[in-house]
1. How would GLU67, GLU49, GLU184 rank on accessible area, largest to smallest, probe 1.4 Å?
2. Over the Cα atoms of the chain, what Rg and Dmax result, in angstrom?
3. Share of the chain's accessible area from carbon and sulfur, percent, 1.4 Å?
4. Using Cα positions and a limit of under 20 Å, work out the lysines in reach of LYS74, with same-chain residues fewer than 8 apart set aside.
5. Quick one: order LYS90, LYS183, LYS75 from most to least accessible surface, probe 1.4 Å.
6. Given the protein chains as shown and a 1.4 Å probe, how many square angstrom of PHE134 are accessible, to the nearest 10?
7. Could you point to the residue in PHE42, ASN139, LEU151 farthest towards the positive end of the chain's charge dipole, with +1 and -1 charges on the Cβ of Lys/Arg and Asp/Glu respectively?
8. With labels modelled as points extended 7 Å from the Cα through the Cβ direction, what inter-label distance (nm, one decimal) is found for LYS93 paired with LYS181?
Amino acid sequence: MMEKKKTMNLTSLASSEEKDLRRLSAFAIKGWHLEQVKVPFFSYQLNYELPLISDYMIDFNDQINQEYFDNYKKKGWTYVCSNGHLHYFKATKNTPRFYTDEIAKANVYLAKSKQFGLIFVIMFLASFGAGFSFSQLSNTVDPNVTAISLLFIFAILLGMGALLMLFAAWTTHLKGSKIIKYKETHGTKNSKNK
């Protein structure tokens, strides 16, 4: 019996939004369609249905209502799910993309960057605390090897997670800043998603 759900990891929305959208389209051809975004795990949950040739898009908007979704529906896009200000839609292949608010998109990136930065600081401090505890326990007269080993592994894992959060904060900040700089240089008029 075939599993009806599957998880696909995000690459990094900030640096490769189009890559993730192409991957989602490739999975849809095989019958795996986006159901929801799992942020704590940085992944997409896919559900198995009939294979379709589909395009996906993400809109960035913090002021949504029924009219917002109706406008997408009129243009051929079906609402799939949301994660905060990020709204995922799908449509048949080559449906024209909808105009999005690029400044709102940049602001979402900058807000996510701050969230990732805060998570980085917390994980870094926890990693530092675990590392300090590791060094203190290592210097005791009768060290508990199991506790020391676990603290060492915990400190390493937290440190690696902190580095991932630093990368996420950096890339989302760069993406948001790049959009704002482009809009300042070329005007604030909405531009078409490519």
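1. Highest to lowest solvent-accessible surface, that is GLU184, GLU67, GLU49.
2. For the chain, the Cα radius of gyration and maximum Cα-Cα distance read 21.1, 73 Å.
3. Working: 7630 of 12040 Å².
Heavy-atom surface of the chain belonging to carbon and sulfur, 1.4 Å probe: 63 percent.
4. Excluding near neighbours in sequence, the set is LYS90, LYS93, LYS192, LYS194.
5. On the way: LYS90 40, LYS183 10, LYS75 120 Å².
Ranking LYS90, LYS183, LYS75 by accessible area, largest first, yields LYS75, LYS90, LYS183.
6. Answer for PHE134: close to 60 Å² accessible.
7. The residue sitting farthest along the positive end of the dipole is PHE42.
8. Using points 7 Å along Cα→Cβ, the separation is 3.7 nm.
The values are calculated or read from the model by the stated rules, or taken from the named source; none is laboratory data. For clarity, every value in this text was computed on a predicted model and none was experimentally measured. Using ideal geometry, Cβ is built from the backbone for each residue, glycine included, and neighbour counts are taken over all protein chains shown. Each accessible area value is taken on the protein alone, full model and side chains, heavy atoms only, with ligands, DNA and RNA left out. Shrake-Rupley method; radii C 1.70, N 1.55, O 1.52, S 1.80 Å.
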